[in-house]
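J.: Handing you this structure, nothing more for now.
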Amino acid sequence: MIHTITILGGRGKSGGRDAIDSIDLRMGDVVSIVGPTGSGKTTLINDIELFADNNTPTGRRILINGEQPPPEYRDDPSRNPIALITQHTTFLSDLPVREFLMTHARIRSAPGACLDGMLERTLAFANQLTGEPILVESRMTELSGGQTRAMLIADATIICNTPIVLLDEVENAGIHRTRALELLREYQKIFIFVTHDPRIVLLSDYRIVMQGGVITAVLHTDENERRFAAHVSRLDDLLSKLRDQMRRGDRLGAPEMEEW
Ligand SMILES: Nc1ncnc2c1ncn2[C@@H]1O[C@H](COP(=O)(O)OP(=O)(O)O)[C@@H](O)[C@H]1O
Ligand SMILES: [Mg+2]
């Protein structure tokens, strides 16, 4: 059972050091990583995914439950506790959704594990995240951006079923984010989002701030921010609605704006 991931601080691109000596991410935490482009966000989650041991350019180390992780975490896909969704979501696969998911389920599960109902549960989860239902017969390459992202999140959560899920700037167009965060919180996992989205950041427990390749701060979402989160969600919903109206060719105007 994994209960903590520890990041032991390292160095930046030009010699500076992470502002923290260590951060403990606990089971159940939803964490965001924020910072400008080029600030080292992807590098930090790659350190986590590789279980860095002072052997990457950052010199960081990653401990699991306070100890150096066993080698089979990296060597055996059915034992690896991490699922990573990268920025690049183009599939080489032209398989129908059903075959793609079942093949992946066989690779990620222990030999002999029962896969009954896996496909249905994964699709049901994905379909709660996107407004455009995914059909099992569709080909992977035919899915829209929103469907693809919903399927990857469902795949990481249910098929990989790993205790740690890393999402690197998974673009959020076409995803119900508040619903996604609610659903994800029902699973006992550590979720780490690299994101530029204030809505996701405010729904996280805390955020790691990066600059110039180093961690500069860890900010816990405080009472003020939690209250503010409700306003941000409303503002964001309003913008989505405007975007939909614009796409349909409607005239724009929002009486709701008077409230702001
Ligand atoms: N701590 C570090 N030490 C050395 N190079 C780093 C470090 N952090 C980031 N880099 C390098 O800086 C560049 C940008 O980092 P990246 O993680 O891709 O940023 P982001 O994901 O925030 O846009 C990459 O080439 C990466 O290898
Ligand atoms: Mg990046």
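J.: Only one of (1) more than 16 Å from ligand 1 (Cβ to nearest atom); (2) over 23 Å from THR216 (Cα atoms); (3) assigned to a loop (DSSP other than H, G, I, E, B) fails for PHE51. Which number is that?
T.: So the condition that PHE51 fails would be (2).
J.: Let me ask something else about it. On the basis of being touching a residue at least 24 places away in the same chain (Cβ under 8 Å), over 30 Å from GLY16 (Cα atoms) and part of a helix (DSSP H, G or I), does LEU119 make the cut?
T.: no
J.: A further question on this structure: Identify, from the list ARG179, ARG139, the residue that is farther than 23 Å from THR103 by Cβ and open to solvent by 60 Å² or more (accessible area, probe 1.4 Å).
T.: On inspection, the qualifying residue turns out to be ARG179.
J.: Still on this model: Of GLY112, GLY131, which residue is more than 24 Å from SER240 (Cβ to Cβ), outside any helix (DSSP H, G or I) and open to solvent by 30 Å² or more (accessible area, probe 1.4 Å)?
T.: It is GLY112.
J.: So, one more: Considering only region 36-44, I want to know if a residue exists there that is within 18 Å of the chain's Cα centre (by Cα), within 15 Å of ILE208 (Cβ to Cβ), more than 10 Å from ligand 1 (Cβ to nearest atom) and hydrophobic (A, V, I, L, M, F, W, C).
T.: So far as region 36-44 goes, no, none of its residues is within 18 Å of the chain's Cα centre (by Cα), within 15 Å of ILE208 (Cβ to Cβ), more than 10 Å from ligand 1 (Cβ to nearest atom) and hydrophobic (A, V, I, L, M, F, W, C).
J.: Among (1) over 23 Å from HIS88 (Cα atoms); (2) surrounded by 23 or more Cβ atoms within 10 Å (Cβ to Cβ), there is one condition MET210 misses while meeting the rest; what is its number?
T.: Against the list (1) over 23 Å from HIS88 (Cα atoms); (2) surrounded by 23 or more Cβ atoms within 10 Å (Cβ to Cβ), MET210 comes up short only on (1).
J.: Of all the residues that make up region 45-63, how many are more than 15 Å from ligand 2 (Cβ to nearest atom), out of contact with any helix residue (DSSP H, G or I) (no Cβ under 6 Å at 6 or more places or on another chain) and β-branched (Val, Ile, Thr)?
T.: Residues in region 45-63 being more than 15 Å from ligand 2 (Cβ to nearest atom), out of contact with any helix residue (DSSP H, G or I) (no Cβ under 6 Å at 6 or more places or on another chain) and β-branched (Val, Ile, Thr): 0 in total.
J.: Another question about this same structure. In region 26-82, what count of residues is obtained for those that are more than 25 Å from GLY12 (Cα to Cα) and buried (at least 16 other Cβ atoms within 10 Å of the Cβ)?
T.: Of the residues in that region, 3 qualify.
J.: Kindly indicate whether any position in region 143-150 is aliphatic (A, V, I, L, M), open to solvent by less than 10 Å² (accessible area, probe 1.4 Å) and within 18 Å of ARG108 (Cβ to Cβ).
T.: Scanning region 143-150 turns up no residue that is aliphatic (A, V, I, L, M), open to solvent by less than 10 Å² (accessible area, probe 1.4 Å) and within 18 Å of ARG108 (Cβ to Cβ).
J.: Next up: Check VAL170, VAL201 and return the single one that is open to solvent by 10 Å² or more (accessible area, probe 1.4 Å) and touching a Ser or Thr at 6+ places or on another chain (Cβ under 6 Å).
T.: VAL201
J.: Consider only pairs whose beta carbons are under 9 Å apart and that are at least six residues apart or on different chains; among these, list those whose first residue lies in region 190-212 and is farther than 19 Å from HIS176 by Cα and whose second residue is open to solvent by less than 20 Å² (accessible area, probe 1.4 Å) and of a type in the set (D, E, K, R).
T.: Note: pairs meeting the criteria are ILE208/LYS41; MET210/LYS41.
Okay, residues lined up against (1) at pLDDT 90 or above; (2) within 16 Å of ligand 1 (Cβ to nearest atom):
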residue: ARG149; (1), (2): no, no
residue: ALA154; (1), (2): yes, no
residue: ASP168; (1), (2): yes, yes
residue: GLY174; (1), (2): no, no
residue: LYS189; (1), (2): yes, no
residue: HIS196; (1), (2): yes, yes
residue: LEU203; (1), (2): yes, no
residue: GLY213; (1), (2): yes, yes
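J.: Another one. Which members of region 81-109 meet the condition of being under 25 Å from GLN188 (Cα atoms) and part of a helix (DSSP H, G or I)?
T.: Matches in region 81-109: LEU101, MET102, THR103, HIS104, ALA105, ARG106, ILE107, ARG108.
The values are calculated or read from the model by the stated rules, or taken from the named source; none is laboratory data. Computed from a predicted model, the values in this text were never measured in an experiment. Using ideal geometry, Cβ is built from the backbone for each residue, glycine included, and neighbour counts are taken over all protein chains shown. For accessibility, only protein heavy atoms count, side chains too; no ligands or nucleic acids. Shrake-Rupley method; radii C 1.70, N 1.55, O 1.52, S 1.80 Å.
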